[in-house]
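Undergrad: Right, I'll just put the structure down here and ask away after.
Please treat every number below as a calculation from the coordinates, not as lab data. Quick caveat: nothing in here was measured; it's all calculated off a predicted structure. Don't worry about glycine lacking a Cβ; one is built from the backbone with ideal geometry, like all the others, and counts go over all protein chains shown.
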Amino acid sequence: RMVDGPVMSLSTVRNYLKNILDLYERLYLATKNARAVKKIAENYGLKVRHIESDDIPGYGDRYAKVKNPKIPDSISNGMLMIDFKSVDNAFNVSDALEDGGVGHSCVSLGGVETYYCHPATTTPSELSPEEQEKATIKPGMLRISCGIEEDLPSKFEEVCKRLFPEREAVSVAASAA
């Protein structure tokens, strides 16, 4: 209603109804990608915030009416916050993924494609550094809305290997211990 107003046109209603048909499958694929990207980021020692549907009472129930019973996993919204420790690192990751054909940089997130947003330089940039810290917005943080691209996890891992080679050695050594 915020975007299309309280009384929707027939074409808007038709689009909503068409898009609801595969909503659960899209959420499932986005969740699968978010979980894979989270695991890769954590292997590189990066701090990740990801809210799963099981973390919020009733969240998963909202999709019960459109859920495909063939897909038993719980879902999330595919949204991640990853702290890459610096503004340059955050931009290097989003640029490299976009150059690799996965996702787009933007200021608003959500959709079937992967999108990246650097909160410290978008709307929250109007906050003072103290207010950003209080809101847990760090300069190197990148918000990633995982889409349904099959190659997102592998492309993300390629970018991490290339941009953070010193962290890979640490994560491999830590895994072996």
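Undergrad: For SER9 and ALA36, compute 0.36 nm times the residue count separating them, minus their Cα-Cα distance, and round to one decimal in nm.
TA: That pair, SER9 and ALA36, stretches by 5.8 nm at full extension.
Undergrad: Once both labels are modelled 7 Å past Cα along the beta-carbon direction, what's the HIS104-ILE51 spacing in nm?
TA: Computed distance between label sites HIS104 and ILE51 equals 2.6 nm.
Undergrad: Would you mind checking LYS39/LYS155; LYS38/LYS155; LYS47/LYS85; LYS138/LYS161; LYS32/LYS155; LYS39/LYS161 for any pair whose Cα atoms are more than 20 angstrom apart?
TA: Over 20 Å Cα-Cα: LYS138/LYS161.
Undergrad: If R0 is 30 Å, what FRET efficiency do you get for GLU158 and THR136 from their C-beta distance, rounded to 0.05?
TA: Once the sixth-power term is evaluated, E becomes 0.60.
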